[in-house]
Amino acid sequence: MPKCIIDGKELEFKPGEMVIQVADRNGVEIPRFCYHPALTVVAQCRMCAVEVEKMPKIQTACSLPATDGMIVHTKSAKVKAAQSSVMEFLLINHPLDCPICDEAGECTLQDYSFAYGSPDSRYEEHRRTYIDLDMGPVIKKNMNRCIHCTRCIRFCDEVGGFREMVALKRGNHTEITTVDGKPLETEYAGNLADICPTGSLTLVDFRFKKRSWFLKKANSVCQGCAQGCNIEVHQDNNTVYRHVPRENQDINKWWICDEGRFSFQFVNAETRVTEPVVRGEGKKIEISDWPSAVAEAKSKTKGKALVLVGNDLSNEEIRAIQAFTADKIKGADVFHYGTPGITKASDDKAEDKILRRTSKTSNLHGAEKLGLKGWDGSGKYESAIVFRGGRAAELTDLRKNVSGAIVGVGVFNQPAIDSYDVILPGLTYAEKSGTVVNWQGKEQKFNKAIEPVGQSRAVADVFALWS
Amino acid sequence: MAEMIVSKFFYKKEAAPLEYYKKNGNGYAALKKALAMKPDEVIAEVKKSNLRGRGGAGFPTGMKWSFIPKESKVPKYLVCNADESEPGTFKDRAIMTYSPHTMIEGMIIGCYAIGANKSYIYIRGEYVREAEYLEKALEEAYAAGMLGKNIMGSGFDCDMYVHRGAGAYICGEETGLLNSLEGKRGEPRVKPPFPAIKGAFGGPTIVNNVETLANIPWILNNGGEAFAKMGKYPNSGGTRLYCVSGHVNKPGIYEFECGKVTLRELIYDHCGGIRNGRKLKAVIPGGSSAPVLAAHELDIDLDVEPMMKAGTMLGSCGIIVIDDSWCAVKAIKRITHFYAHESCGQCTPCREGTRWLEDVLHRIEDGHGKEADLGLMLDVANNINGKTLCALGDAAAGPVLSFVQKFKHEFEEHIKGGKCPNA
């Protein structure tokens, strides 16, 4: 393999690789705004300046193919001068509104300003300002903060699949906006906030909710569909604030879809049932306590029983349910369920060319591997237990199959609980750890991010009380 | 004046028809000759001529042509850069007005040499009349069998189109031009790949200036060696069109052998000196992008290398003469406004820096300058110079650096006096 020398280190590279790629692979930090490994190289921001021996001009590492024997310096005086001049240029029109900007704390411009910029400004002229257009329900634009890196334009073109964002006007007046000022249509708009190196594009949902440095992070797997995109769950004070994608080249690359990104909202929702409830004397649902609710559930589960296992549960939970049913609810029919219309793994198809799958639950493929069959909605039963992790369909018309009591174990919401007789509140993906299997058959572990909300308990705890 | 190559037809017949070109010139004889040669031989002849690109960079044309890969899976293209957007330059317009066929013949020969069957003339949007003349000339050439299928029975096919720009300076930069030609935003591309490898529509592409191409028929007719013999310096053959504008008595286009005239001779002997008997202050020698020369720096041969040695450039030979009635600050403010206005906005130093320079110059001209402004301008210009994606950054920074260095006293007078001394 050919070798180049970066900062005195001899590094191997594949022919065709750019210097920035070689540096990234070997832990040499080169600052950048416009370069993103998923997008075309445009060499616009000029931040990734490097000095190459025998080349008179400063080069941009993102557009410089590595050659055998090339000697590159990333920290020389010439490079530092170039980087600080780029920072000065970018900051002359950037508002100093970090204190009210959602990006603060995780802002590339802020970080680089600290690392490569100057604490003073020589700029005394008027700052450029723009009037912002509405970009739809997902993304909030603040063009004054924009540094024109065009990552968003290239993301829409090259990843999102269609041209939605454009640069208007030219020179100093260049404005990054949507085509004809229309709201964004892509199902992947949230990624724009992730790749934007400043606070120019931020999430409407996250706006003014939390300073980023207060957030604690847990590695997790998105439960929004059978793709199993890798995410981080960000929480503070036991409240989940957002999902952020984690890079996984085999599954989701750098991205997640909007549906998955905002699929955390039910965790801390007011409508979520987090106390055990039972249907009392007056046929009304009433808050109970754990021992009496479990006793009620146990006494009412009789005769020929139907056990429905949400395929939004982890492998560990499904195995526990299988063992429990075999032991305690003899003769019951056990099925998995999840997305309406999808009863077996082969029903799960790609919903678009990027990530989304038609199975809107995370563990359809795992449930099937564990030997469960999908429920087709038929059969007559005397009682039923429904296990649900939060994403599977809320079964509200079970009465047509079940003559007796219906018990729900897991995550249920108002007003769906009106169709149940007992609810034993369980845990969402954010409150537990476990394993799910995505459509490719990859087993992935997700980690607990917050403590159980209210009186919610794990499936295993419910079973312990039951026996 | 030496034998005129390009300006031979100037000011004789507007939109000279094919018949006129045949009667008064050699009328596509060069094309006939070229088609009888092998493409490689045509390139070799052009290489021999030491013809350098007339658009501004002065790159040897024959060498550029030889960069085109012989075999290509995608179509190759030849594009004529008729954007002529450099302030002070108006030679290409004269060629397109008075002898469009010279340029078209040169283009067809170029297409044959590099193996391109499609060719575009990218003409600046403001040249409405010239675009019409070219369309008419193309029609004539098609009718006479010089374009289309099986040209002159040689089996070589070539189609040519006129594409009008929409008024952006940056579309005169070859990759910006190609983007615009493809219907995209007129923004320069990252190089490499260079157009000779991946240009228009992804195919290997040669972009040549109008004047460069208009020289090709003469080279084929008279031989590369005869062309190379012209001119004072060994590596630069033929003649050049010098566009003189500004405060001279006889502005216009002058053709001389490369380097055989000095700037002083051109201004005082040929252009009749400075108008109204005033004194010369400055000369911008190669289009507004070229660093300025002061009145005492005129004894330079007008060719690529001597100009480079003098710290400026021959560029597109757009020579702008400024007399002492003009304020240097006002002049550079006007030039900087142009570059700030024409910056495409892609890369940071040019987008932010050109406008910053303009604002500071505006302040100085208005009498609100500060002593620190001169150092600031030099710094900002140096931070643009050589650090941008395309040459527009250098074009904007070079003039500022040279004006501040050479006319420092005028800037200081503005700052100290709190107003323009001429106002």
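The values are calculated or read from the model by the stated rules, or taken from the named source; none is laboratory data. Just so it is clear, the structure is predicted and the values come from calculations on it, not from any experiment. Reconstructed Cβ throughout: ideal geometry from the backbone, glycine too, with neighbour counts over all protein chains shown. Ligands, DNA and RNA are excluded from the accessible area calculation, which covers all protein heavy atoms including side chains. Shrake-Rupley method; radii C 1.70, N 1.55, O 1.52, S 1.80 Å.
The table for this structure:
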quantity	calculated
A:D132 assigned to a loop (DSSP other than H, G, I, E, B), more than 12 Å from chain B (Cβ to nearest Cβ) and farther than 27 Å from A:I256 by Cβ	no
Failed item in (1) surrounded by fewer than 22 Cβ atoms within 10 Å (Cβ to Cβ); (2) in a helix (DSSP H, G or I); (3) away from every other protein chain (no Cβ under 14 Å); (4) touching a helix residue (DSSP H, G or I) at 6+ places or on another chain (Cβ under 8 Å), with B:F403 passing the rest	(1)
Residues satisfying the stated conditions in the range A:413-434, i.e. of a type in the set (V, I, T) and free of Cβ contacts under 8 Å to residues at least 40 places away in the same chain	none
Those residues of the range A:47-57 which are in contact with a Lys or Arg (Cβ under 6 Å, 6 or more places away or on another chain) and within 9 Å of chain B (Cβ to nearest Cβ), in sequence order	A:M47
Residue match in the range A:23-42 (condition: more than 13 Å from chain B (Cβ to nearest Cβ), open to solvent by less than 60 Å² (accessible area, probe 1.4 Å), closer than 11 Å to A:S63 by Cα and assigned to a loop (DSSP other than H, G, I, E, B))	no
The one condition in (1) more than 14 Å from chain A (Cβ to nearest Cβ); (2) farther than 29 Å from B:E187 by Cα; (3) open to solvent by 10 Å² or more (accessible area, probe 1.4 Å) that B:I320 fails to fulfil	(2)
Residue in the range A:106-121 that is of a type in the set (D, E), over 22 Å from B:M377 (Cβ atoms) and in contact with a strand residue (DSSP E or B) (Cβ under 7 Å, 6 or more places away or on another chain) present	no
Residue in the range A:164-179 that is most open to solvent (accessible area, probe 1.4 Å), counting only those that are out of contact with any His (no Cβ under 7 Å at 6 or more places or on another chain) and either polar (S, T, N, Q) or away from chain B (no Cβ under 11 Å) (or both)	A:V179
Selected residue (criterion: farthest from the chain's Cα centre (by Cα)) from residues of the range B:50-72 that are more than 20 Å from B:Y112 (Cβ to Cβ) and open to solvent by 20 Å² or more (accessible area, probe 1.4 Å)	B:N50
Selection count, the range A:389-408, where residues are within 20 Å of A:S263 (Cα to Cα) and either outside any loop (DSSP other than H, G, I, E, B) or open to solvent by 20 Å² or more (accessible area, probe 1.4 Å) (or both)	4
Failed criterion for A:D120 (all others in (1) within 11 Å of chain B (Cβ to nearest Cβ); (2) in a loop (DSSP other than H, G, I, E, B); (3) within 30 Å of B:K370 (Cα to Cα) hold)	(1)
A:G136 vs. criteria in contact (Cβ under 8 Å) with a residue 12 or more places away in the chain, under 24 Å from A:F208 (Cα atoms) and in contact with a Lys or Arg (Cβ under 9 Å, 6 or more places away or on another chain)	yes
Members of the range B:125-156 found to be under 18 Å from B:E211 (Cα atoms) and touching a Lys or Arg at 6+ places or on another chain (Cβ under 8 Å), listed by number	B:Y127, B:E130, B:A131
Candidate set: the range B:147-161, residues that are touching a residue at least 12 places away in the same chain (Cβ under 8 Å) and open to solvent by 30 Å² or more (accessible area, probe 1.4 Å); chosen: the one nearest to A:T60 (Cα to Cα)	B:Y161
Subset of the range A:1-17 [over 22 Å from A:A81 (Cα atoms), touching a residue at least 24 places away in the same chain (Cβ under 8 Å), of a type outside the set (D, E) and open to solvent by 10 Å² or more (accessible area, probe 1.4 Å)]	A:P2, A:K3, A:G16
Number of the condition not met by A:C62 [criteria: (1) at pLDDT 95 or above; (2) open to solvent by less than 50 Å² (accessible area, probe 1.4 Å); (3) outside any helix (DSSP H, G or I)]	(3)
Enumeration of residues in the range A:289-311 that are in contact (Cβ under 8 Å) with a residue 40 or more places away in the chain and over 16 Å from A:V334 (Cβ atoms)	A:W290, A:P291, A:A293, A:V294, A:E296, A:A297, A:K298, A:K300, A:K302
Residue among A:D97, A:D111, A:D102 that alone is away from chain B (no Cβ under 11 Å), open to solvent by 50 Å² or more (accessible area, probe 1.4 Å) and on the phi < 0 side of the Ramachandran plot	A:D111
Which numbered condition B:L302 fails, given (1) within 14 Å of chain A (Cβ to nearest Cβ); (2) buried (at least 24 other Cβ atoms within 10 Å of the Cβ)	(1)
Qualifying residue in the range B:221-232 (condition: aliphatic (A, V, I, L, M), in a loop (DSSP other than H, G, I, E, B) and more than 19 Å from the chain's Cα centre (by Cα))	yes
Tally, over the range B:242-253, of residues that are assigned to a strand (DSSP E or B) and in contact (Cβ under 8 Å) with a residue 60 or more places away in the chain	7
Set A:K80, A:K141: member being away from chain B (no Cβ under 11 Å), surrounded by 14 or more Cβ atoms within 10 Å (Cβ to Cβ), charged (D, E, K, R) and more than 30 Å from B:P192 (Cα to Cα)	A:K141
Residues of the range A:43-59 classified as within 32 Å of the chain's Cα centre (by Cα) and open to solvent by 20 Å² or more (accessible area, probe 1.4 Å), total	1
